[in-house]
Amino acid sequence: MTDNKKMELKKDYAGRDFLSLLDYTTEDLTYFLDVADHLKAEKKAGRPIDYLKGKTMGLIFEKSSTRTRVSFESGIYYLGGQGLFLSSNDLQIGRGEPIPDTARVLSRFLDGLMIRTFSHDIVEELAEYASIPVINGLTDLLHPCQVLADLQTIREHKGKLAGLKMAFIGDGNNMAHSLMNGGARMGMHVVCACPEGYLPDAAVVAAAREAAALTGGSVEIVNDPLEAARDADVIYTDVWASMGQESEKAEREAVFGGIYQVNDELMAAAKADAMVLHCLPAHRGEEITAEVFEAHPEIFDEAENRLYAQMAVMALLLA
Ligand code: CP
Ligand code: NVA
């Protein structure tokens, strides 16, 4: 029962990198989401989605991962290609081989590269020297693949993105940054509640505000979580201490503890039908209570959509 009428994907994105959501227009991101929805439906229906037959993706990890690793590896496989997990502990970059050399060598072997690393400069340097598409699988600055999946999930549940209010509660980190970027591009009202000293990067906020001005969206930074949550359609949170900040754990707990938490009181300020999203892994009793976490199974729809959002990115960039 093979249906040969596979959707023809646009070739406009072939060869591009995916480093930040702001590198793409509202129309582009809408198309990425449409393709993600299509791949999800086709895969679930058992129809062919082998857009990347014979292609190989290298997946470089300098930090831990469950979702990103497994969704990229299985995603490229479902598209008919092959993923290679490359831990920086085993690669020569772990022993000091320069990124420009690694980029040029891997470009001779592979059709695409994903990297999860620390400094955003590393991803940019890799993309500059690689002749194949480079996908940002998380840096200290941004996590665009996660937010593409988040946008897909919100659109699935709410039927739209523009005009919705999304509150982010917690550290002004990579998640806050990419949510501002993606939300602004899609005409959402993004309010981040973060403590002083842990605010989002000012340059990222300024760029997101510029993007929001084009779509009728907005980006606001406040300190009070209840103010951010008021009448929100989407409540989002993330860990207080990100990967690489393990030594700051106690200090951060003292600042965030008891205040920057998604709990029943905070949910009472949001709309009655507000969604709760979390990029995961979640720390129950810290940024979210176990009760709220368990009452919002859409968090797992969000995790599932990593697969489809990234399949869309790979299918379009490696075409
Ligand atoms: N949300 C996310 O990126 O999860 P992993 O760290 O498990 O990849
Ligand atoms: N802010 C978190 C996100 C994990 C997916 C981190 O960088 O560790």
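The values are calculated or read from the model by the stated rules, or taken from the named source; none is laboratory data. Being a predicted model, the structure only gives us computed values, none of them experimental. Positions of Cβ are backbone-derived with ideal geometry, glycine not excepted, and every protein chain shown enters the neighbour counts. Accessible surface areas use protein heavy atoms only, side chains included; no ligands, DNA or RNA. Shrake-Rupley method; radii C 1.70, N 1.55, O 1.52, S 1.80 Å.
Tell me the label-point distance for the pair Val222, Glu246, using the 7 Å Cα-to-Cβ offset, in nm and rounded to one decimal.
3.6 nm
Once a ≥ b ≥ c are taken as the square roots of the eigenvalues of the Cα gyration tensor of the stretch 33-171, is the result rounded (a/c under 1.5), prolate (a/b larger than b/c) or oblate (a/b not larger than b/c)?
Values: a/c = 2.33, a/b = 1.34, b/c = 1.74.
The shape class here is oblate.
Placing unit charges on C-beta atoms (Lys and Arg positive, Asp and Glu negative, everything else neutral), compute the dipole magnitude of the chain about its Cα centre in debye, rounded to 20.
Values: 30 positive and 49 negative charges, 277 e Å.
With Lys and Arg at +1 and Asp and Glu at -1, about 1340 debye.
For the chain, what's the relative contact order in percent, using C-alpha pairs closer than 8 Å and at least 6 residues apart?
Over the chain, the number comes to 21 percent.
Taking Rh as the Kirkwood radius computed over C-alpha pairs, what is the Stokes-Einstein D of the stretch 230-319 at 4 °C in a medium of viscosity 1.567 mPa s, expressed in µm² per second?
On the way: Rh = 14.6 Å.
The diffusion coefficient I find is 89 µm²/s.
Can you tell which of Gly80, Gly96, Gly159 shows the greatest fluctuation in a Gaussian network model of the chain with Cα springs below 10 Å?
Gly96
With n ≥ 4 as the cut-off for DSSP H runs, can you work out [θ] at 222 nm for the chain, using -39500 (n - 2.57) per run divided by the number of residues, rounded to the nearest 500? Before the final figure, lay out each step's value.
Working: 12 runs with 137 residues, N = 319.
Value at 222 nm, helices only: -13000 deg cm²/dmol.
Mind listing P(r) for the stretch 161-277? All alpha-carbon pairs, 10 Å bins, whole percents.
Reading the bins upward from 0: 16, 47, 31, 6, 0.
Assuming R0 = 45 Å, what is the FRET efficiency of Lys63 and Ala272, from their Cβ-Cβ distance, to the nearest 0.05? Before the final figure, lay out each step's value.
Working: r = 37 Å, r/R0 = 0.83.
Using R0 = 45 Å, I get an efficiency of 0.75.
Give me the Å³ per residue figure for the convex hull around the C-alpha atoms of the chain.
Value for the chain: 128 Å³ per residue.
Carbon and sulfur together cover what percent of the accessible area of the chain at a 1.4 Å probe radius? List each step's numbers first, then the result.
Numbers: 6480 of 13130 Å².
Roughly 49 percent of what the probe reaches on the chain is carbon or sulfur.
Rounded to the nearest whole Å², what accessible area per residue is found for the chain with the 1.4 Å probe? Spell out each step's value before the answer.
Working: 13130 Å² over 319 residues.
For the chain, the solvent-accessible area averages 41 Å² per residue.
Given charges of +1 on the Cβ of Lys and Arg and -1 on the Cβ of Asp and Glu, with all other atoms neutral, how large is the dipole of the stretch 1-99 about its Cα centre, in debye to the nearest 20?
380 debye
Which trypsin sites (Lys or Arg not before Pro) does the stretch 143-223 hold that lie in a coil by DSSP with at most 15 other beta carbons within 10 Å?
Numbers: sites: Arg155, Lys158, Lys160, Lys165, Arg185, Arg209; in loops: Lys160.
Counting only loop positions with at most 15 other Cβ atoms within 10 Å, the trypsin sites (Lys or Arg not before Pro) in the stretch 143-223 are Lys160.
Under Stokes-Einstein, with the Kirkwood radius over Cα pairs standing in for Rh, what whole-number D in µm²/s applies to the stretch 196-239 at 10 °C and 1.306 mPa s?
Working: Rh = 12.0 Å.
Calculated translational D: 132 µm²/s.
Find the relative contact order for the stretch 13-81 and round it to a whole percent, using C-alpha pairs within less than 8 Å whose residues are 6+ positions apart.
33 percent
Measure out, as a whole number of angstrom, how far apart the alpha-carbon centroids of the stretch 1-42 and the stretch 242-284 sit.
32 Å
With label points built 7 Å along Cα→Cβ from the Cα atoms of Glu298 and Asp121, find their separation and express it in nm.
With each label point 7 Å from Cα toward Cβ, the separation is 4.0 nm.
Calculate, for His157 and Arg108, the FRET efficiency according to 1/(1 + (r/R0)^6) with r their C-beta to C-beta distance and R0 41 Å; round to the nearest 0.05.
After rounding, the FRET efficiency stands at 0.45.
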